[in-house]
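To start, the structure under review is shown below, and the notes come after it.
The values are calculated or read from the model by the stated rules, or taken from the named source; none is laboratory data. Remember, it's a predicted structure, so these values are computed and weren't measured experimentally. Because the Cβ atoms are built from the backbone with ideal geometry, glycine has one as well, and the counts that use them run over all protein chains shown.
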Amino acid sequence: MSGEQRRGVVRVLVRAVLALLVLLLLALLVVTLLRIPLDLSRYKPLAEDAMSEALGRQVSIDGDMVVTTSLWPYFELGGLRIANPVDFPQGDLAVMDRARISVGILPLLQRRVEIREFRVSELTLDLVRMADGEANWVLERAAAPADTTPDPNAPTGREEPLRTDILSITELELEDIQVHFRDEGEEPMTFDLQSASGRAPLDEPMSLSMQGVLLEEPFTLDVKADSLSDFLAMTRTRLGLQLDIAETRFEFRGLSEALRGGRGTEVKLSITGADLSSLNDLLHLDLPPLPDYYLKTDVLLEPDRLELKSLDTGVGDSRLRGHMLIDRSGAIPLATLDLSAERIQLTDFDTGDWTAQDREVTSDSPEETTEVPPESEVDTSVEKQKLLSPEALSRANARLRIEVGEVLSAEDRLGNAELEMSLQDGRIEIDPLRLQLPKSSLLLQASLKPDRRASDATLRVLIEDFDFGVLTRISDPESKVGGRISVDIDVAASASNMRNILSGANGYLDVSAKLENVSSSLVDLWAVNLLSSVVSSAIKDDQEPQVNCAISRFRLENGLMTAEQLAVDTSRIRICGEGEISFVDESFDLVVAPKAKRPEFFSLATPLAVKGEFDDFRIGMKTGVLTLGTTATKFAISPITTPLKRLFREDLPEDGADMCALPIGPRDQPLEPLPGC
């Protein structure tokens, strides 16, 4: 072959090679740039293996798998399932009916899963937490404690730990999601998520926002983490949640260790809302309508220990700070709570007409409706006895301490307050509850020790000149009703059981009140001139009769409370009482009778009796033919006897000075009857 021929062959070969390279390049460009749909069902095992390795659990694709050509192909998946870990009950962590995923080919070759787009139209998550704290959504198990001694006989395999830094998501869009959460052996709680969107690029912060319905309440949930790898591995990271539901915001920071069942979990918790009662439907409770409330604290959770550090809670302008600890490491659990406040405004806690009520549980099915007995037929004493039983009180020790620098009621300055309460070795003790007011003080000390054989209790209450007009102005700021009240109670009781604790009580109970701007017009009809009172009640009187004071001094001996001094004084009459209250028989036997301060014409002054058991007593006229006959006779002959009485009997002072200034408190001998009684 001549040289010319050889050169011709070379040129042909070169042209053929160039043409082939051009064709290959064109084919590569077509495959790379044009998205041509291809059925890749035969490549499902490869995709399943890659995702199984990335997620650390079995992944299967039950439906079809379609992919488009390009370096970032779109995968259309049908029936994607992510199974539970091997040591969990059989089932799936996640089931997706249809998903569209854009995954990078080149990163897959480098054993990385980079998802540019992840869209799911239907998703069901079944989140399960086992009794030991392990959860099926945690992709990496918590490391063993540092002081754990390795087993020398254990095999030294070369298995590498799961890598969570090989997965990233640029855009996530989910719709029609159901999340079931349950602890092992418990019924699941279901969340309906209408939509969710988020992003988690590699080595960048992860964010996820969800909207849905929980217990018929719409909610939004925002999740943030340092990175997707930290979120999936649940490592100690600045992971946080923000939940807005029922007009309330819940914020959590540092939840990762709590979710993975780790040790030494520390969570920053914040709860804020405009009205506490907005949570009633969600929690099936009847909470008071407290406005502008919040709670912030650092929750430290360790084995057998729960601590609330930097506790800060408030309602309106009232703010409490403190610390709470629950320690179960000892033989008997211990709970402590210390709170302090610079200022407490009582009007912040004004709940209006709200009263605590049991929430009714309704059912859509009439067959499931259960009849609830009337409240009168429900014996709540059994439950109360269980709470105060020696066994229940001896299961734990507790201490509560509250200090308030200033207590306000609107513009009224009440003073400072202190409360210390404890439960120690089955004894409940309040020592003290102290309220120091500008012109008065309140002190309460109490102790209760239930026992199956010998229960005992003590109560000491000392109130000096408390201005109770503050309380009336809370309900009615324009109220002029006021006065001062003093209380002195010193009681000690013992019995074989708690139910009869007061049947062995001894001591005294004294109450004295000086009233202001309290009308006595209706009471005066009881004993003054009946005809003139009825006529004058229709005429405006600037000197309207007033209640001056009241005094109640009882002696308590072996469960029998005897009235030594019992009276109410008005500007026109004095109502005197006598009788007994028995805690042994649980009965009343009291009689009260009015006496005009000066003899009156046509005065009834019929005595009233209070008789019967504690839960079934009656208030009415003292019965008996003699009593009724005496009342009628006095009424009829009053025109004759009244002038004589006014001549020879000294009138009681209109302001009640002879009674209202009497002291109360301890006495060494029986008391003298009150003047006029």
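Cβ-Cβ distances below 7 Å connect the following pairs, each with a first residue in segment 643-664 that is surrounded by fewer than 15 Cβ atoms within 10 Å (Cβ to Cβ), a second residue that is at pLDDT below 80 and in a loop (DSSP other than H, G, I, E, B), and a separation of six or more residues or different chains: Lys645/Pro599; Arg646/Arg598; Arg646/Pro599; Arg649/Pro599; Asp651/Lys597; Asp651/Arg598.
Of the helices (runs of 4 or more DSSP H) lying entirely inside segment 467-577, those containing at least 1 residues that are of a type outside the set (A, V, I, L, M, F, W, C), buried (at least 16 other Cβ atoms within 10 Å of the Cβ) and at pLDDT 80 or above are 469-475.
What pairs can you find where one residue is in segment 218-231 and assigned by TED's automatic domain parsing to the domain that holds Ser195, the other is charged (D, E, K, R) and part of a strand (DSSP E or B), and their Cβ atoms are less than 6 Å apart, with a gap of 6+ or different chains? Going by the 6 Å Cβ cut-off, there are no qualifying pairs. Taking every residue in segment 557-576 that is under 12 Å from Gly507 (Cβ atoms) and assigned by TED's automatic domain parsing to the domain that holds Ala492 and pairing it with any residue that is among the hydroxyl-bearing types (Ser, Thr, Tyr) and not in a strand (DSSP E or B), at least 6 positions away or on another chain, the pairs with Cβ-Cβ distances below 8 Å are Asn558/Ser503; Gly559/Ser503. One residue stands out in segment 415-440 among those that are among the hydrophobic types (A, V, I, L, M, F, W, C), assigned to a strand (DSSP E or B) and without any contact (Cβ under 8 Å) to a residue 60 or more places away in the chain: the one that is farthest from Ala396 (Cα to Cα), namely Leu435. Do we have Glu307 as crowded, with 16+ Cβ neighbours inside 10 Å, at pLDDT below 95 and farther than 22 Å from Arg249 by Cβ here? Yes: the conditions hold for Glu307.
Do you know which residues across segment 212-228 are assigned to a strand (DSSP E or B), surrounded by fewer than 15 Cβ atoms within 10 Å (Cβ to Cβ) and not hydrophobic (A, V, I, L, M, F, W, C)? Full working, then the answer.
If we filter segment 212-228 for residues that are assigned to a strand (DSSP E or B), which is where we start, we get 212-214, 217-225.
Still in the list and also surrounded by fewer than 15 Cβ atoms within 10 Å (Cβ to Cβ): 213, 218, 220.
If the condition is that a residue be assigned to a strand (DSSP E or B), surrounded by fewer than 15 Cβ atoms within 10 Å (Cβ to Cβ) and not hydrophobic (A, V, I, L, M, F, W, C), then Pro218, Thr220 are the ones that fit.
So for segment 584-594 (the condition being surrounded by 17 or more Cβ atoms within 10 Å (Cβ to Cβ), within 16 Å of Asn548 (Cβ to Cβ) and at pLDDT 80 or above), does at least one residue qualify? Yes - at least one qualifying residue is present in segment 584-594. The residue that is modelled with the lowest pLDDT, counting only those in segment 321-356 that are within 26 Å of Gly405 (Cα to Cα), aliphatic (A, V, I, L, M) and surrounded by fewer than 17 Cβ atoms within 10 Å (Cβ to Cβ), is Leu346. Just one of the numbered conditions (1) touching a residue at least 12 places away in the same chain (Cβ under 8 Å); (2) over 36 Å from the mean Cα position of the chain (by Cα) is not true of Gln90: (1). Applying the condition of being under 17 Å from Ile169 (Cα atoms) and either β-branched (Val, Ile, Thr) or free of Cβ contacts under 8 Å to residues at least 40 places away in the same chain (or both) to segment 110-129 and asking which residue is surrounded by the fewest Cβ atoms within 10 Å (Cβ to Cβ) yields Gln110. Of a type outside the set (Asp, Glu) and under 14 Å from Thr220 (Cβ atoms) - does that describe any residue in segment 185-193? Among the residues of segment 185-193, at least one is of a type outside the set (Asp, Glu) and under 14 Å from Thr220 (Cβ atoms), which makes the answer yes. For Ile271, the conditions (1) under 22 Å from Lys309 (Cβ atoms); (2) modelled with pLDDT under 90; (3) of a type in the set (A, V, I, L, M) are fulfilled apart from (2). Within segment 169-189, the residues that satisfy the criterion of being in a loop (DSSP other than H, G, I, E, B) and on the phi < 0 side of the Ramachandran plot are Glu184, Glu186, Glu187, Pro188.
Got a sec? Which strands (runs of 3 or more DSSP E) wholly within segment 1-112 have at least 2 residues that are at negative phi and at pLDDT below 85?
37-39, 65-68, 74-83, 92-103
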